[in-house]
Structures are given as structure tokens and as C-alpha cells.
Amino acid sequence: MITIKSKEELNYMRQAGKILSEVFKAVEVFVKPGITTADLDKIAYDYIIKHNAKPSFLNYGGFPKSICASVNDEVVHGIPSKKRILHDGDIVTVDVGACFKGYHADAARTYAVGNISDEAKRLMKVTEECFFKGVALAREGNHIGDISNAVQQHAESNGFSVVRDLVGHGVGAQLHEDPNVPNFGKPGKGPKLKAGMTLAVEPMINEGTYQVWQLDDGWTIVTQDGMLSAQYENTIIITKDECEIITL
Ligand code: MG
């Protein structure tokens, strides 16, 4: 069931989104060679708690941490660890959710660790562009498939691929709600967008094959060919005009 949020619910979500935008500012200055993904998790956890919110991912389905930290060929759901030291040339995706007064926001950024390759830079840039191409069509009266198709077209026209097994989603009182928001699809297909819907739009773009598999830890998703993956995600509110991005 797709829910339409009330003004009050939207305000709680905006507050959660604002906290996330600040979490990224706090985290990004520490993304340097030598830091561990557990360190980044702690920064995010502390910031969210200090601002009277809850980390949405902590204990979600048994996930043990507050952020997902996915390095290089890891697509999503990497578990922060003291053993996972970031090195010069890595890319790391930090995905984080915050829950304020019972309402979630969800967002992700991929960061460069030190000096990265030109191809990694291009992947990150195109992934971010995919998000903005998609949400440019996110308005009342359009369809989920319009967003999906715009993301896919931009990724593939740049020689990259779009992960199929994981998709964006509705977000609100639950971290994951209807509808699914795939990063691939056809214009005019899927549920029709209405003002007050809230969506996490999250292109996951791979350098090589779109195929992924899960590691034995039961969480981490990696590319099957070992090539890089990047992600860029924000929570948006559908309106009659341009959507409102609440996690920027
Ligand atoms: Mg999400």
C-alpha cells in the first residue's frame, strides 16, 4: 500500500532528512586513508543520537550498525568494521537512515578516499547525475517508470550498468514501504505519482556487469565481476511540481 503523508508526517521526515544531510557533512571530512568503516559508523551514530533521532538501520532485520559502508566492488549493505581500513584510491558508499518521531529518511553518498582513478570519478559523477535525471521526472501525474527509465538511460548511455536485484522504495513510518522504485524500466509504467508520496530514489550503478551476489556475511552485496559500484540516494517528497529533496 502506498501511503500519502500528512503535513505533520512530512515535517518529521524533513527533520530526519536534515539530520542526515548534517551526518554526511560530519562524516565526509573523516573519509581519508587510514580510517576504518567502524569509525565512520560511530560518527554517524553519535550525530543521530545527539539530535534526538534514531539510526534507522541499527538492528533493522538484524543489521548490527548505523550505516552501511560499502567499499569498491561492494554495492550495498557493507557492515562497518574496525578491520576495514580505507586505503588511498578506494571509493566508499555511506548509506544511512535516521528516524525522527517515528518517521524515517534514507540517503547515501559515495566518497573518494584520497586520490582515485579517473574512471572511478566518472562512475561517481554519472551515478549522481542519474539521481537528478530521475527525480527531474518525479512529480504528480508521472509514473515510477519515468524515474526508472531516466536513471537507466543515463547510466547505460555512459557505458555503465544498473543493478537489478536492489531497488529504491517508499519511505516514511517504515524504512521500506511501497512502492518499489527500480533504477531500470519503461516510461509511463508502474504506479502513478501523487503529491505527498515519499520515496527513496537510489541509483546503484556498476562499472561492469549489473550482476551482483551476496557475501557469506549474509549482508554485503558485491559486483560479480569485482568491478566498482557507486550509489547516490536521497529521500524526496512528491508535489504537483518539482519534487522536494529532503536529505540534501
Ligand atoms: Mg534506501
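The values are calculated or read from the model by the stated rules, or taken from the named source; none is laboratory data. Please read all numbers here as calculations on a predicted model, not as lab measurements. All Cβ positions, even for glycine, are placed from backbone atoms using ideal geometry, and neighbour counts span all protein chains on display.
Cβ-Cβ contacts under 8 Å between residues 6 or more apart (or on different chains), taken from a first residue in the stretch 13-38 that is at positive phi to a second residue that is modelled with pLDDT of 95 or more and aliphatic (A, V, I, L, M), are listed as 34/85; 34/86.
Considering only the stretch 19-61, how many residues are more than 25 Å from residue 103 (Cβ to Cβ), of a type in the set (Val, Ile, Thr) and in contact with a helix residue (DSSP H, G or I) (Cβ under 8 Å, 6 or more places away or on another chain)? Qualifying residue count for the region: 1.
Scan the stretch 203-225 and tell me whether some residue there is surrounded by fewer than 18 Cβ atoms within 10 Å (Cβ to Cβ) and aromatic (Phe, Trp, Tyr). Yes: one or more hits.
For residues in the stretch 149-180 being within 13 Å of the ligand (Cβ to nearest atom) and among the β-branched types (Val, Ile, Thr), which is nearest to residue 205 (Cα to Cα)? Only one residue fits best here, namely 163. Considered as a group, the residues in the stretch 77-118 that are more than 16 Å from the ligand (Cβ to nearest atom) and basic (Lys, Arg) include one that is nearest to residue 130 (Cα to Cα), and that residue is 84.
Just checking, does the stretch 189-204 include any residue being at positive phi, in contact with a helix residue (DSSP H, G or I) (Cβ under 6 Å, 6 or more places away or on another chain) and part of a loop (DSSP other than H, G, I, E, B)?
Let us first name the residues in the stretch 189-204 that are at positive phi, namely 190, 196.
Keeping just the survivors that are in contact with a helix residue (DSSP H, G or I) (Cβ under 6 Å, 6 or more places away or on another chain) gives 190.
Next, only the ones that are part of a loop (DSSP other than H, G, I, E, B) stay: 190.
Checking the stretch 189-204: at least one residue is at positive phi, in contact with a helix residue (DSSP H, G or I) (Cβ under 6 Å, 6 or more places away or on another chain) and part of a loop (DSSP other than H, G, I, E, B).
Looking for whichever is in contact with a Cys (Cβ under 9 Å, 6 or more places away or on another chain) and not in a strand (DSSP E or B) here; the options are 155, 105. Which one fits?
On the way: 105 fails: not in a strand (DSSP E or B).
One residue alone meets the criteria, 155.
Looking across the stretch 147-172 at every residue that is in contact with a Pro (Cβ under 6 Å, 6 or more places away or on another chain) and within 17 Å of residue 245 (Cβ to Cβ), the one that is surrounded by the fewest Cβ atoms within 10 Å (Cβ to Cβ) is identified as 170.
Residue pairs whose Cβ atoms lie under 6 Å apart, separated by 6 or more positions or on different chains, with the first residue in the stretch 194-212 and among the β-branched types (Val, Ile, Thr) and the second assigned to a loop (DSSP other than H, G, I, E, B) and away from the ligand (no atom under 15 Å from the Cβ), are 198/5; 205/160; 209/224; 209/225. Is the stretch 67-74 home to any residue that is within 16 Å of the ligand (Cβ to nearest atom), of a type outside the set (A, V, I, L, M, F, W, C) and modelled with pLDDT of 95 or more? Checked against the condition, which is being within 16 Å of the ligand (Cβ to nearest atom), of a type outside the set (A, V, I, L, M, F, W, C) and modelled with pLDDT of 95 or more, the stretch 67-74 yields at least one hit.
Of the residues 63, 131, the single one that is within 15 Å of the chain's Cα centre (by Cα), within 16 Å of the ligand (Cβ to nearest atom) and not small (Gly, Ala, Ser) is 131.
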